[in-house]
Structure formats: structure tokens, C-alpha cells
Amino acid sequence: MRFDLTASRFVETDERPDAWAVIGAERALRWRELATEAEAWAQRARTYGFAADVPVIVRGHKEAAFFVAMAGALLLGAPFVPVDTIYPDERMQRIASTLGARTYYDAQGDRFVALNGEPAQAQTAANSPPASAPQPLREKQLAYVLFTSGTTGEPKGVQIGRESVAALVEWMAADFALGDAPVFLNQAPFSFDLSMYEVFGTLSLGGTAVLASRSLTAQGATFLATLARHGLTTWVSTPSFAQQLLLNPQFSAEGLPALKTFLFCGEVLPVGLARQLRQRFPAARIVNTYGPTEATVATTWIVVDDAVLAQHARLPIGYAKRDAEVFVEDGELCIAGAHVMRGYLNREDLNAARMFTRHGVRAFRTGDLGAVEGGGLLFCHGRIDDQIKMGGYRIELMEIDSALRALPGVSSAAAVPLRRPDGSVARLVAFVATGADDGRLPGALHDWKSLLAARLPSYMIPSELLACRALPVSVNFKIDRAQLAQDYRDAHFKTQRQHGA
Ligand code: AMP
């Protein structure tokens with residue numbers, strides 16, 4: 001079986017309906033079971049007021065039920081809004097208020113829950129539609145809405161239409177050579193668009209998604225043995241995640257004998273990693289893809305083979321996919337195509353600044369610095385703004401600044417990335433201006449990590465907090481993060497020298 005995304009229904013194919021569709025953290029589902037459960041889920045969601053174009057938040061972490069809910073939402077025509085449990089409650093509440101949502105689906109408890117904490121009210125034959133019935137979005141025929149870090153402190157909702165998802169799966173089928181019924185690693189949380197490769201790849205190609213929870217991936221050997229047991233063919237992750245696994249000797253062609261493809265996206269693919277993977281998996285294809293969430297997972301691609309590795313000290317992001325145009329305007333990479341989002345939800349200011357029309361199709365300014373060589377080979381040279389990638393996570397530093405400023409006694413604040421020589425971010429430190437001269441944190445800030453954790457996901461919490469009298473500003477009166485990074489390094493260098501290191 002497979003899921004026909006154009007007709008929005010499950011269809012029978014030659015593939016056996018008893019083939020595995022989803023291997024979840026708590027249970028596994030065969031294709032027939034996925035189809036039955038997704039239909040039942042859609043019926044249930046209807047009783048809570050969900051319908052076509054009404055967004056439905058799905059919250060959880062790698063449960064088979066999470067996958068069922070996404071398929072059920074597609075059947076219903078309701079855009080799904082995936083929220084991993086890595087997001088704290090407060091962040092989910094802010095997402096819900098942007099959507100105007102009052103109820104969400106909790107995949108861990110397999111239940112619909114009201115956002116005010118009360119039990120969600122279902123409609124029965126005896127009562128009228130619930131007073132809290134959720135409202136449809138202005139944009140119609142969306143597949144999903146994905147929230148990414150936002151500069152104002154509020155996550156921003158990227159609205160992806162069904163036509164964009166159709167373009168994604170056509171591209172995957174035409175160019176990725178994944179074979180029949182590929183078995184995908186799904187490691188990225190569903191709230192990150194990288195995971196949409198596996199969701200829509202599995203559904204459209206009649207494959208299998210192996211959902212790897214954080215607790216499973218933390219057990220290197222068991223994790224790899226699980227992937228081998230399910231006959232993994234397609235590895236999808238950020239380069240950072242694959243890099244960690246190199247420590248494990250089982251991460252090799254012997255350990256994962258069915259693996260044919262590495263599909264990377266989300267951050268720079270380091271040459272060193274690609275070389276090591278070529279050695280460990282000589283027969284596997286390594287595909288580097290690039291693109292922002294705002295353009296449905298990825299837009300450019302290149303197969304990184306030995307010839308590409310021999311030619312480039314820093315890997316290119318490849319060529320525009322078949323139905324997209326990528327060009328450089330004032331040094332910035334711009335993308336046009338049907339896979340570009342419909343816009344950020346309720347953010348007309350951002351839409352006006354970042355979106356435009358090119359030859360009659362939607363186009364988006366990425367904020368990435370880029371270059372193009374003859375023949376259309378593209379390169380990404382980092383960001384124009386204060387967005388960073390750390391361990392594969394997309395982070396707006398200004399969102400952290402905003403959470404820091406909400407701490408007691410803090411007048412201004414800045415999150416500062418500390419970079420490795422190759423430019424990748426090793427960790428974040430934060431500076432807060434408290435007016436004090438001695439550099440010590442005031443008592444009210446002793447618990448700063450848990451105060452921040454109420455609002456930010458763990459990967460956005462800086463590893464250190466330093467107090468200072470005032471923060472340095474650059475010529476344009478913005479907080480000078482580069483100066484702060486330099487101050488931090490100088491202070492550490494001094495301490496090391498004092499300790500004779
Ligand atoms: P996200 O929306 O989380 O997919 O992040 C998109 C951003 O990640 C892009 O705008 C780039 O800055 C960066 N990025 C994604 N893929 C790559 C890649 N293959 N090489 C370099 N940077 C990338």
C-alpha cells in the first residue's frame with residue numbers, strides 16, 4: 001500500500017498490505033493497520049471540531065500514534081502542526097495562540113486535550129458543535145504548518161501547501177533513487193522539517209519509517225542494531241547526528257548492510273564526514289541537500305562522490321531541483337518554485353520582506369549568503385542575519401535574547417555563539433547586563449537554567465551565563481556579539497595562562 005498525496009487517500013499497490021509502515025517507539029504498524037487507524041483518527045478528530053483547513057496540533061515524540069495522526073490529518077484535509085515534546089509547554093501555548101487552537105492531540109496519551117487543561121469536549125449526536133470549535137485558516141489546502149525559531153521571541157509558523165508537498169515527493173521519486181519501499185531512518189523530531197523527508201517519502205513510496213526516539217538514539221549500539229534489524233536502506237539526518245555515530249564501529253556497511261543512501265540536509269556537510277562515510281560505506285550514495293523550512297525541506301542537491309570530494313575543500317550545496325529556480329541576488333540565495341511556502345502565519349510584515357513573485361511563482365529570500373558557479377553549481381556561505389545552526393538545530397539568537405531579557409533584573413542580554421575554526425557553532429554562552437560591576441550573577445538568577453527551560457527548548461539554553469555592567473554595541477547600535485565572543489575567548493585565554501595551561 002501507499003498514500004496518494006494528490007487524492008489524499010490510501011491506495012492498494014502490489015506491495016503487501018502486511019508490510020511494515022511505521023516502527024514507532026511504543027509499537028509498530030503494518031500498512032493495513034496504518035490505513036485503518038488513520039481513518040479512525042480522522043473520524044475522532046472530526047468530533048472535536050477538526051475539519052478541512054482547521055489546523056491540528058499533534059504533540060508527542062516518535063510514537064506510532066504521532067504518525068497515524070499526521071496521516072489522519074491528511075485524510076481530513078486538516079493541516080497538521082507537529083510539536084515535539086522537546087518544546088516546553090509555554091512554547092506550545094504560544095504556538096496554539098498563534099493558530100487560534102483550543103484543543104490538541106496528545107500522541108503519548110492518544111487523546112485530545114483542551115489547552116486550558118480541561119478535558120477536551122467532543123461533539124456527540126446529542127450536543128451541538130463544541131463552543132470551542134477551532135477555526136479554519138485563511139490559507140486553504142495546506143499540508144502542514146511548522147513553527148521555527150523567530151526573532152521576536154515568538155516562533156513563526158511556516159505554512160506549507162499540498163502542492164509543495166506534491167513537488168517534494170515527485171522530486172524524491174524522480175532523483176533520489178531510493179528503490180522500492182525504502183526503509184527510512186526518522187531521527188529528527190517531527191517539529192523539524194527535515195523529518196518531512198521520511199514522513200512524505202514513506203507515505204508516497206509505500207516505504208517504512210523507523211522512528212528513533214531520543215532514548216533509543218542515545219544507546220548507540222542498540223540503536224544501530226535496531227536499524228539493521230529493520231533493514232534500513234535510507235539514512236536521513238543532519239550531518240551533526242551522523243558525525244556522533246562515527247565513534248561506533250557498527251556504523252559501517254557491515255553493521256548496516258542494506259543501507260544504500262545517506263540523505264543529509266539542514267547544515268553544512270563537512271568534507272571530513274563525507275570522506276569517512278565513503279570509507280565506512282563504500283557502496284552507499286551520499287546526497288547533500290540544502291534548503292530552508294520555508295521551501296519544503298530542500299531545494300538543491302548533489303551526490304557527493306569521490307570526484308566531488310577531490311574538487312572541493314568546502315562542499316557545494318549542489319544544483320537546484322528540477323522544478324525550482326535558485327539564484328543569487330545581492331549576495332543572497334533566493335528560491336522560486338511551487339514548493340515555496342504560502343507565507344508565515346499572521347506575519348504580513350515578514351511576508352512582505354521575504355516573499356516575492358518570480359516569473360509568476362512564489363519566491364523567497366533565504367537570508368543565506370550564496371554564490372553560483374558556471375553550470376549552476378551553488379554554494380552556501382553562511383547567514384546574513386543572526387540565525388545559527390547548532391547540532392543541526394535552527395536557532396534565532398534574538399529569540400534567546402528575548403527569553404534572557406525576561407529574567408529578573410536583566411535590562412539587556414545577548415546569546416553569543418562560540419565557533420570552531422571551520423565556522424560551525426560549538427556552544428552558546430549568554431551575557432546579561434545587570435548593572436553590577438563584580439561580574440557575579442545576582443541571587444535571583446541562580447536558577448537561570450530552569451527559568452529559561454520554562455520557555456525555551458533545551459537546545460536553545462546557553463551553557464553559561466555571565467553578568468556584566470553593560471553590553472558593548474557596534475556602530476549601528478546593535479549589541480556587538482562578535483565583541484562579546486572575543487571578550488569571552490580573551491578571558492578564557494587569560495585564565496588558562498594564569499593556571500599555566
Ligand atoms: P531549516 O529551516 O532548519 O532547514 O534550516 C535552513 C537553513 O539551514 C538554511 O537556510 C541554511 O542556512 C542551513 N542549511 C540547510 N541545509 C544546508 C546545507 N546542505 N549546507 C549548508 N547550510 C545548510
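The values are calculated or read from the model by the stated rules, or taken from the named source; none is laboratory data. What you see is a predicted model, and the numbers here were worked out from it, not measured in a lab. Neighbour counts are summed over all protein chains in view; Cβ atoms, including those assigned to glycine, are modelled from backbone coordinates with ideal geometry. The area values use the complete protein model at the heavy-atom level, side chains included, leaving out ligands, DNA and RNA. Shrake-Rupley method; radii C 1.70, N 1.55, O 1.52, S 1.80 Å.
Suppose we keep only residues that are in contact with a strand residue (DSSP E or B) (Cβ under 7 Å, 6 or more places away or on another chain) and assigned to a strand (DSSP E or B) within region 84-127. Which one would you say is surrounded by the fewest Cβ atoms within 10 Å (Cβ to Cβ)?
The qualifying residue surrounded by the fewest Cβ atoms within 10 Å (Cβ to Cβ) is Ala114.
Across region 325-334, which residue is surrounded by the fewest Cβ atoms within 10 Å (Cβ to Cβ) among those that are away from the ligand (no atom under 13 Å from the Cβ) and over 13 Å from Gly376 (Cβ atoms)?
Asp330
Please determine, by comparing only the residues of region 186-227 that are of a type in the set (A, V, I, L, M) and under 23 Å from Arg162 (Cα atoms), which one is surrounded by the most Cβ atoms within 10 Å (Cβ to Cβ).
Once the filter is applied, the top-ranked residue is Ala209.
If you scan region 406-422, which residues turn out to be in contact (Cβ under 8 Å) with a residue 24 or more places away in the chain and not aliphatic (A, V, I, L, M)?
Passing the criteria: Pro408, Gly409, Ser411, Ser412, Pro417, Arg419, Asp422.
Residue check, Glu63 against (1) acidic (Asp, Glu); (2) touching a residue at least 40 places away in the same chain (Cβ under 8 Å); (3) surrounded by fewer than 21 Cβ atoms within 10 Å (Cβ to Cβ), all met but one. Which one?
Glu63 satisfies all of (1) acidic (Asp, Glu); (2) touching a residue at least 40 places away in the same chain (Cβ under 8 Å); (3) surrounded by fewer than 21 Cβ atoms within 10 Å (Cβ to Cβ) except (3).
With the requirement that a residue be in a loop (DSSP other than H, G, I, E, B) and more than 14 Å from the ligand (Cβ to nearest atom), what does region 285-324 give you?
Listed by number, the residues that qualify are Asp305, Ala313, Arg322, Asp323.
Could you identify the single residue in Val145, Val158 that is at pLDDT 95 or above, among the aliphatic types (A, V, I, L, M) and touching a Gly at 6+ places or on another chain (Cβ under 6 Å)?
Within the list Val145, Val158, the selection yields Val145.
Which of the residues that make up region 154-199 are within 16 Å of the ligand (Cβ to nearest atom), farther than 23 Å from Ala78 by Cβ and out of contact with any Leu (no Cβ under 8 Å at 6 or more places or on another chain)?
Residues satisfying the conditions are Trp171, Asp175, Gln187.
Within the set of pairs 6+ apart or on separate chains, which have a first residue in region 214-228 that is under 17 Å from Glu63 (Cα atoms), a second that is part of a helix (DSSP H, G or I) and aliphatic (A, V, I, L, M), and C-beta atoms under 8 Å apart?
Phe223/Leu216; Thr226/Leu216
Do you know which of the residues in region 410-439 that are touching a Cys at 6+ places or on another chain (Cβ under 7 Å) and hydrophobic (A, V, I, L, M, F, W, C) is farthest from Thr151 (Cα to Cα)?
If we take residues in region 410-439 being touching a Cys at 6+ places or on another chain (Cβ under 7 Å) and hydrophobic (A, V, I, L, M, F, W, C), then Ala433 is farthest from Thr151 (Cα to Cα).
Of the residues that sit in region 239-275 and are assigned to a loop (DSSP other than H, G, I, E, B) and among the polar types (S, T, N, Q), which one is least open to solvent (accessible area, probe 1.4 Å)?
The extreme case among them is Ser252.
Yes/no matrix, rows are residues, columns are (1) at pLDDT 90 or above; (2) in a loop (DSSP other than H, G, I, E, B); (3) small (Gly, Ala, Ser):
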{"position": "Ala403", "(1), (2), (3)": "yes, no, yes"}
{"position": "Val410", "(1), (2), (3)": "yes, yes, no"}
{"position": "Tyr459", "(1), (2), (3)": "yes, no, no"}
{"position": "Val475", "(1), (2), (3)": "no, yes, no"}
{"position": "Leu484", "(1), (2), (3)": "yes, no, no"}
{"position": "His492", "(1), (2), (3)": "no, no, no"}
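Tell me which residues, restricted to region 274-295, are touching a Ser or Thr at 6+ places or on another chain (Cβ under 9 Å) and either on the phi > 0 side of the Ramachandran plot or aliphatic (A, V, I, L, M) (or both).
Ala284, Ile286, Val287, Gly291, Ala295
When you go through Val425, Val361 one by one, which is the residue that is under 20 Å from the mean Cα position of the chain (by Cα), surrounded by fewer than 19 Cβ atoms within 10 Å (Cβ to Cβ), more than 10 Å from the ligand (Cβ to nearest atom) and without any contact (Cβ under 8 Å) to a residue 60 or more places away in the chain?
Val425
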